[in-house]
Amino acid sequence: MGSMTDAPALAPSLRQAIVLNQLGGAVLSASTGVQVLDAGQDLAWERCHEADVLLTAPRNGWRDAPKEKPAGWPGRLRWVHLASVGIDYFPAWLFEGVQVSCARGVAAEPIADYVLSVLLEQSLALNARRAKNAADWERESTLVISQPMGLLAEQTLGIVGYGAIGKAVAQRAKAFGMTVQVLRNGKGSAQLNEDGASYAKDLSQLLASSDHVVLALPLTAASRGLINADALAYCKPGLHLINVARGGLVDQDALKVALDSGLLGAASLDVTEPEPLPEDHWLYSHEKVRLTPHISWAAGDVQAATRDKFAENLQRYRRSQALFDVVDLSKGY
């Protein structure tokens, strides 16, 4: 389920929990025995004196939140649950005086499916090989002999970040026969992990020996700009870079240089910085870029998974038990 920490000393009794809900009724449908206040798009910090628990997400006004802690924060609040994994969308003061838990692992399966889909598309190029007429049919049926489609079982996948998403990606890649190597917390190891993946010594080794690299790590002060010009210089020629984490992990100017020079073969990006990009940004039109609008998490019933995770933690909170998936500010996630 995830890491736990001690419950707050001032956790309410079973009869006192009030939830300030910004996610709509469906997310709380599995939770009973609490009073729920619908906050919608209200500014959560202006209602922090009304509830013990805040259920929120990045889209609920946090992008425009004040940089300085508002007067009276955190009010009555003792626990904030984020329906997201990364904490970089939120102001630092959100974490003052309250426990904060997150939806770690909720979208791992959908995101892993997204990664597998772009791996297959990059290797098979089925869209580019579509036959729209007889001439296309003749051309592509001939070219496939001299330009055969790629086989995932002959390729190496590198994964940077090995939490729930990284593990789900590794399991799928191994099922297709890929060689998988991972880098976790910037540390290497000579051992195989439980998924049969090897640990890369460092980022440069992983980039130099992978056909595809997936970024699945949180954005922190240490990881911002991780994929920069210096790192890209180590890339295996033709590398396919996949980012399903945060746009700030990649220096987009350096990415363009690597794509234009041919060092990188392609980039599949579900995240950018900023989001959305300006109207005339080069990432919209670059022929080697596969760009989607931060939707890799949205397959299946993610709302139900979010509801269930919150409901379980809510019951633990009401019983003054340790919560699951509490954010560790020292790590940044």
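The values are calculated or read from the model by the stated rules, or taken from the named source; none is laboratory data. Please read these numbers as outputs of a predicted model, since none were measured by experiment. FYI the Cβ positions are ideal-geometry reconstructions off the backbone, even for glycines, and counts take in every protein chain you see. Side chains are part of the model used for accessible areas, which takes the heavy atoms of the whole protein and leaves out ligands, DNA and RNA. Shrake-Rupley method; radii C 1.70, N 1.55, O 1.52, S 1.80 Å.
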Matching residues, segment 131-175, being without any contact (Cβ under 8 Å) to a residue 12 or more places away in the chain, part of a loop (DSSP other than H, G, I, E, B) and not small (G, A, S): K132, N133, Q147, P148
Considering segment 96-127, residues that are out of contact with any strand residue (DSSP E or B) (no Cβ under 8 Å at 6 or more places or on another chain) and closer than 16 Å to C48 by Cβ, and then whichever is least open to solvent (accessible area, probe 1.4 Å), we arrive at G97
Considering only residues that are charged (D, E, K, R), part of a loop (DSSP other than H, G, I, E, B) and either open to solvent by 20 Å² or more (accessible area, probe 1.4 Å) or touching a helix residue (DSSP H, G or I) at 6+ places or on another chain (Cβ under 7 Å) (or both), which ones fall in segment 296-327? D301, R319
Are there any pairs with C-beta distances below 6 angstrom linking a residue in segment 220-235 that is small (G, A, S) to a residue that is in a loop (DSSP other than H, G, I, E, B), with the two at least 6 apart or on different chains, and if so which? S223/L217; G225/D251
Only one of R224, R246, R184, R172 is basic (K, R) and at pLDDT below 95; which? R184
Looking at G177 and the list (1) touching a helix residue (DSSP H, G or I) at 6+ places or on another chain (Cβ under 7 Å); (2) crowded, with 19+ Cβ neighbours inside 10 Å, which single condition is not satisfied? (2)
Output for segment 62-77, where each listed residue is touching a residue at least 24 places away in the same chain (Cβ under 8 Å) and either touching an Asp or Glu at 6+ places or on another chain (Cβ under 7 Å) or part of a loop (DSSP other than H, G, I, E, B) (or both): A65, P66, K67, E68, K69, P70, G72, W73, P74, G75, R76, L77
Would you check which residues across segment 283-295 are touching a Ser or Thr at 6+ places or on another chain (Cβ under 8 Å) and part of a helix (DSSP H, G or I) and list them? L283
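Taking the condition exposed (fewer than 15 other Cβ atoms within 10 Å of the Cβ) and of a type in the set (S, T, N, Q), does S285 pass? Steps first, answer last, please.
Working: exposed (fewer than 15 other Cβ atoms within 10 Å of the Cβ): yes; of a type in the set (S, T, N, Q): yes.
When the stated conditions are applied, S285 passes them.
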